[in-house]
Each structure stands twice: as C-alpha cells, then as structure tokens.
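Here is the structure we will look at.
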Amino acid sequence: MTDIDPRGERAAALRRLALVYMTTALGLFLLMGLLGLLMRLDQAGLFVLPPLQFYQVMTLHGGGMIAMALLGAMGGLANALSMAISLSPRLLWAAYVVYLAGVALFVIGTLIGGFAAGWTMLPPLPFDPSHEWPLWAAVVSCIAYLLIGVGFLLFCLNVLYAARRAFGGLGGALGWPYLFSAGKNQASPPPPPMVLAATAVSIDGVLTVAAGALLLMAMLAQAAGLVGSLDALLAKNFMFFFGHMTANLTIYLAAGLVYATLPVYVGRAWKASWPVVLAFNVLVVGVILPYPHHLYQDFVQPLGMQIVGQVGSYAAGLPVILVTVTGGLTLIYRSGMRWSVPSILIAWGLWGWVFGGIGALLDSTIAVNQVMHNTLWVPAHFHTYYLLGAVAFVWAYFYHLTGELSGRHDRFASKIAAWMYGLGGLGFVLTLFLSGAAGVPRRYAEHLPEWQIFAKVGTPFVIALGLGIGWLAVEMFARLGIAWRNAAAHSA
Ligand code: HEM
C-alpha cells in the first residue's frame, strides 16, 4: 500500500474524477426524473402522451436511471477507496468517456430514433420489423449498452488490479486470511468494508459484462444478417443475467459509500467484523443466483432454474442487507448522531433498502409472483431500493464530499430539502405499491380511469421529491464552485 497518499496528486485526481462522475449522475437524475414525472402524469390522466412516445420515454428513463445510478456509485467509491487502494485515474477517465458515449448513444437511439423496447430490450422485440422504430435505432441502442458495459468493466478491472496489489491477491482483498481463521488472525486484519464491497462487486461485474456483451454482439450480428434468429429463452436468460446483475451490483457499490460516510456523522469507526467479511464473500456467489426470478412466467425454463431463482433470491442479498443495516443501526444507536443532510439521506437509504428488499423478496416468491408479476408492484420495489436506497446513498456521499471541499455546513433549509426527498419518495413508492397490490399492470401507456387515483395521489409527492433534490443540487453545485475557486486561489 505504498502509493496510498490521501493528500497526494493521485488522491486529488481521484477526487476530481469522483466529482465529475457524481455531477454527471446528478444531472442525468434530474433529467430522467422529469421523464418519470411525465409518465406518472400520463398514468394519472393529467398529461396524456401518445402510446409510442410513452414507451420511448419509459425506455430512456429506465436505461438512463440505471446508468446514472451506477455512474454515481462508481464515482463516489473511486474517491472513498483512495484511502485504502490506489485506482488508476487514467483508466477511470477512459471508463467515463466510454460510458458517457454509451449514454449519449442511448439518448440518440430513443429520443431521435424512437427506440421504445423498454430498458430490458428483450429479443426479438428490438429488431421486430412490425415496430415503428428504424433498425438503426435498435442497433445504436445495443451499441450504447455495450459501451456502458465496457465502461463498467474498466472500472471493475481497475478495482480488482488495485485491490490485488494492496492486499496481496484477491483472497486478501476479500479478507480470506481473517475469514478462514474465524477472525483470530490478528496479523492480517480484514480490508475496510468498502474494499470488500468493491472487490465482490467487481468480480461479479466482470461476469455480468461478459454475459451482456455476448448477447449484445449476437443481437448486432442478427441485425447485420449474420445470424438468422436468436433463441428467445436463452437471450432472456443472458439479458437478465446482465440487466438484473448490473442493477443489483449498483446497490452493493452504493452500500460501500455508507461505510465511508456514516462513521463521520456518528463519530465511530466502522470496522469489518467477521460477519461482514463472510457476507461479502457469500455475495460473490450469491448475487449470481436470483436473476431467474425474472423468468418464472416462462414455462419452458427448466424447473431447476426456477428453484435456483427462488432460493437464490432469499439467500443472496439478505446477508449483506443484514450486516449493513444492523451494522449501520448499531453504529447510530446512542451515538448522538449529527442529523445533517448526509445522515438524513443515509437513514432514508437504510429504510428504503430494507423496505424495497422485502417487496422484492415477496415478488420473488413463486406463488406471489404468479399474481404480482406484471403489476406496478415490480417498479414499486425497485424504485424503493433505488430512489430511497442506493441513489440516496450516492447523494449523501456527494453532499458530504462537497461540504468537505468547500468548508460549507448545511443549513436548516438543506435538512428540510433532504426530508422532502425522503418523504416525497416515500409517498411516490407507496402509491406504486398500492397500485401493484390492486393489480394495476406495469408498462401500460394508458391507465383506466379507476386506476388513475394512485398516480394522482403520487404526483404531488414526486414534485416534493423533485423540489428537495433540486434544492440540494443547487447547493452542491454552488459548493463545487466555491471549492473550485478556493483551489484556483490556492494554486495562484
Ligand atoms: C424521480 C423519481 C422517479 C419517478 C417519478 C419514476 C417514475 C417511473 C414510472 C412512472 C415508470 C413506469 C412504470 C410502469 O408503468 O411500468 C418508471 C419505470 C422505471 N423506472 Fe422510474 N421513476 C423515478 C426514479 C427512478 C430511479 C431512481 C430509477 C433507477 C435508478 C428508476 C428506474 C426505472 C426503471 C428501470 C423503470 C422501468 C422501465 C421499463 O420498464 O423499461 N426510476 N419510473
């Protein structure tokens, strides 16, 4: 760990990168959030979009939001990790450029090309000639996903290389000497929790991108006429391996940011205990198992895979959720935690992660899925652990970092804004859950009048959430300006 220098040039470069990643993510969130509001207004019958436009908006919103959350989590962690491992800023810049090119192509494919096959773009839908978008729009969207995948891959390789160097191999970065001595090997203490999180995610990230790239290249070969047709079931398995895993891994990356931020506000260190090390090791295998729960309704899927989906859904995330949430709550308990914007957002995030996780577990139970599978319950659970979970963790870290760099403390109004984000998000996701429980289908461009009440009630909450994050965004951008001016004055 000789090249770790928290005040050195490399650390400064990583900090700049983190700010660029997270600023881009925040900008994307605000734009994609407006599209989300537009869809909810449509579903409330207050601003009705033509169906094709609704699906264009839905596709861009879904893909754009998943991409922005991953970008923000990668950026934040790149800086947080600089205390323990030494990432290459050059490789992170390369990842950023490739990733952003992918996002830009996706915007072109959906907004200009009219691609509207949903963020999951399942074959044969993208290239089906009966659809209204041209072939090029589907091709551009596939290339976009490929580039986003390559950007993520570069990040993962960067982490794995640095973690291996710092801890004498991947086993060391996963805390094996400590784990296999049942926590008794005091000579090799485990890596900090955020290193464990980043290493576990990066190992699976490589597999995820490999699966996605295989499928996307096959799809592009089909578009070029080199392949006649793709096996739809196999393609769906690959797409969900890629899509579900990418979305899931984002949450664990963002959890790494909680390990870096919460201790500052509770005044207690968060060390990796034996259960934490075990949980992240279980995660490496466990996170691969649940994706078949997306295929319960595909009766041709082998039965064994359905059982893996059910068992894996319960086994995979639970250990990490338990150790992170109980660890976080234990850290907060009687600590006299400073209620500031980051700690408020983290408190919301811990709640959202658990509540959304329970919603997910229910829906991944085959008997429940038979009834709930295509209802708004599905977007309800993932919006909960994203909007009020992973994404809240990213904003918490971003706010914390801009505060540190500008020397600015939060004001009363900032705390109100953080509560508005949480309460607005809560109202929004509850209306999605209630719609789902009432059987309202997901991905419907037009909602029957009797369904619209849920979106009508939800819309003011979305606006409150937007005002909350809008306020925090203005503040964070202003803090960045101060930090930039301070740095310029310092170097003059
Ligand atoms: C600003 C708050 C947000 C609002 C108002 C919002 C609203 C919506 C709405 C109305 C839908 C369509 C639901 C349906 O009928 O199936 C949707 C879908 C979706 N949203 Fe959001 N959303 C928000 C934030 C997020 C976040 C933070 C993420 C992820 C990081 C996200 C990811 C998605 C995805 C993946 C879909 C599914 C798209 C598809 O089915 O192809 N959203 N959202």
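Values in this text are rule-based calculations from the coordinates and carry no lab data. These numbers were taken from a predicted model, which means no experiment stands behind them. We place every Cβ from the backbone using ideal geometry, glycine too, and count neighbours over all the protein chains shown.
Figure the gain on full extension for residue 446 and residue 233 (residue separation times 0.36 nm, minus the Cα-Cα span) and round it to one decimal in nm.
Working: separation 213, 0.36 × 213 = 76.68 nm, distance 2.86 nm.
Result for the pair: 73.8 nm of gain on full extension.
Toward the positive end of the charge dipole of the chain, about the Cα centre and with charges on Cβ (Lys, Arg +1; Asp, Glu -1), which of 26, 44, 291 goes farthest?
26
Taking Cα centroids, how far is the range 434-492 from the range 242-291 in Å?
25
Against the longest alpha carbon principal axis of the chain, how many degrees, from 0 to 90 and to the nearest 10, is the axis of helix 193-223 turned?
Once rounded, one gets 30 degrees.
³J(HN,Hα) across the range 59-70 via Karplus (A = 6.51, B = -1.76, C = 1.60, θ = phi - 60°), whole Hz, x for Gly/Pro?
Working through the residues one at a time gives 5, 5, 4, x, x, x, 5, 5, 5, 5, 5, 5 Hz.
What nm distance separates the two modelled labels at residue 411 and residue 101, each placed 7 Å from Cα along Cα→Cβ?
4.3
R0 = 45 Å: FRET efficiency of residue 112 with residue 329, Cβ-based, nearest 0.05? Please list the in-between numbers first.
Details: r = 47 Å, r/R0 = 1.05.
About 0.45, to the nearest 0.05.
Which is farthest toward the positive dipole end of the chain among 214, 377, 459, measuring Cα position about the Cα centre, with Cβ charges +1 (Lys, Arg) and -1 (Asp, Glu)?
Comparing the listed Cα positions along the dipole, 459 ranks first.
Grab the beta carbon distance between residue 467 and residue 9, set R0 = 41 Å, and tell me the FRET efficiency rounded to 0.05. Walk me through the numbers before you get to the answer.
On the way: r = 39 Å, r/R0 = 0.96.
The pair residue 467/residue 9 has a calculated efficiency of 0.55.
Okay, helix-only estimate at 222 nm for the chain: each DSSP H run of n ≥ 4 adds -39500 (n - 2.57), divide by all residues, round to 500 deg cm²/dmol; what do you get? It would help to have the intermediate numbers written out before the result.
On the way: 16 runs with 355 residues, N = 492.
So the calculated ellipticity at 222 nm is -25000 deg cm²/dmol.
What length, rounded to one decimal in nm, is gained on full extension from residue 269 through to residue 478, with 0.36 nm per residue of separation minus their alpha-carbon distance?
72.2 nm
Show me, for the range 382-396, the HN-Hα J-couplings you get by feeding each phi into the Karplus relation (A = 6.51, B = -1.76, C = 1.60, θ = phi - 60°), rounded to Hz, glycine and proline as x.
6, 5, 5, 7, 8, 4, 9, x, 3, 5, 4, 5, 5, 5, 4
For the chain, divide the Cα radius of gyration by the Kirkwood radius and give the resulting Rg/Rh value with two decimals. Kindly include the intermediate steps, with their values, before the conclusion.
Details: Rg = 21.9 Å, Rh = 23.0 Å.
My calculation puts Rg/Rh at 0.95.
Report the charge-dipole magnitude of the range 9-491 in Debye, nearest 20, computed about the Cα centre from +1 at each Lys and Arg Cβ and -1 at each Asp and Glu Cβ.
1560
Would you kindly derive the ³J(HN,Hα) couplings of the range 335-344 from the backbone phi angles with the Karplus curve 6.51 cos²θ - 1.76 cosθ + 1.60 (θ = phi - 60°), listing them in order in whole Hz, with x for Gly and Pro?
9, x, 3, 6, 7, 10, 3, x, 6, 5
What is the angle, in °, between the Cα long axis of helix 452-491 and the longest principal axis of the Cα atoms in the chain? Nearest 10 is fine, range 0 to 90.
In the chain, helix 452-491 runs at an angle near 40 degrees to the longest axis.
Obtain the nm distance between the two label points defined at residue 457 and residue 307 by a simple spin-label model: each point lies 7 Å from its Cα along the Cα-to-C-beta direction.
According to this spin-label approximation, the distance is 4.1 nm.
What residues qualify as long-range amide H neighbours of residue 375, i.e. H under 5 Å apart, gap of 5 or more or another chain, H built at 1.01 Å from N?
Counting only residues 5 or more places away or on other chains, the set is 442.
What ranking do 61-72, 274-285, 366-377 get when scored by the average of other Cβ atoms within 10 Å per residue, highest first? It would help to have the intermediate numbers written out before the result.
Values: 61-72: 25.1, 274-285: 19.9, 366-377: 17.4.
Ranked from most to least packed, the peptides come out as 61-72, 274-285, 366-377.
If each of residue 161 and residue 30 carries a label point 7 Å out from its Cα toward its Cβ, how far apart are those two points in nm?
3.5
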